[in-house]
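The values are calculated or read from the model by the stated rules, or taken from the named source; none is laboratory data. Source: prediction; values computed, not measured. Neighbour counts run over all protein chains shown; Cβ positions are idealised from the backbone, glycine included. What goes into the accessible areas is simple: the full protein's heavy atoms, side chains included, and nothing from ligands, DNA or RNA. Shrake-Rupley method; radii C 1.70, N 1.55, O 1.52, S 1.80 Å.
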Amino acid sequence: MLINETTAIVTRKTILVPYRTSHVERYNQWMQSEELRERTASEPLTLEEEYEMQAKWRLDNDKLTFIILARPEGSFSHTKAFIDTLPMVGDVNIFLTKNAEDEDEAEVEVMIAGASVIHRSYSRLTSTRQRLPSNVRG
């Protein structure tokens, strides 16, 4: 996650930001749901274990983790104060690998959490595997 630690991706309805310690408590609350853990093939973690995982993921060179924030239509500010007010709706994990031909690839997993957002258009994202340009993994 080192290569995305200062990256935000802004779309019409969402903002993707790096998974930070400020997100851990809410994320851990989501992952207490047995249904969500089944859908994501995840094990239950204590809050302390989740903080440890977030710290580990932050240092990974082969995994990028973003938190998906819902963006109010028509409004946007690059300020931390504005972004900190946006509700978390899910996460995106990008796993970077090399294929048999030593070409860069990425596997993308998208999780939309919570019944209140699951049927909104953010959940139209799907998992996919995509080859990355060689300059992405620098």
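The dipole here belongs to region 35-96: it is taken about the Cα centre, uses +1 on the Cβ of Lys and Arg and -1 on the Cβ of Asp and Glu, and is about 320 debye.
Taking 0.36 nm per residue of sequence separation and removing the Cα-Cα distance, the residue 26/residue 60 pair yields an extension gain of 10.1 nm. Working ranking of peptides 91-100, 69-78 by packing, defined as the average number of other Cβ atoms within 10 Å per residue, highest first, is 91-100, 69-78. Sorting 12, 20 by accessible area puts them as 12, 20; the probe is 1.4 Å, largest comes first, and only protein heavy atoms count.
For the pair region 53-77 / region 87-104, the C-alpha centres are spaced 13 Å from each other.
Per-residue 3J(HN,Hα) values for region 17-33, derived from phi via the Karplus relation 6.51 cos²θ - 1.76 cosθ + 1.60 with θ = phi - 60°, read 10, x, 5, 10, 4, 5, 8, 4, 4, 5, 4, 5, 4, 4, 6, 6, 6 Hz in sequence order (x marks Gly and Pro). Relative to the current alpha-carbon distance between residue 37 and residue 77, full extension at 0.36 nm per residue lengthens the span by 11.1 nm.
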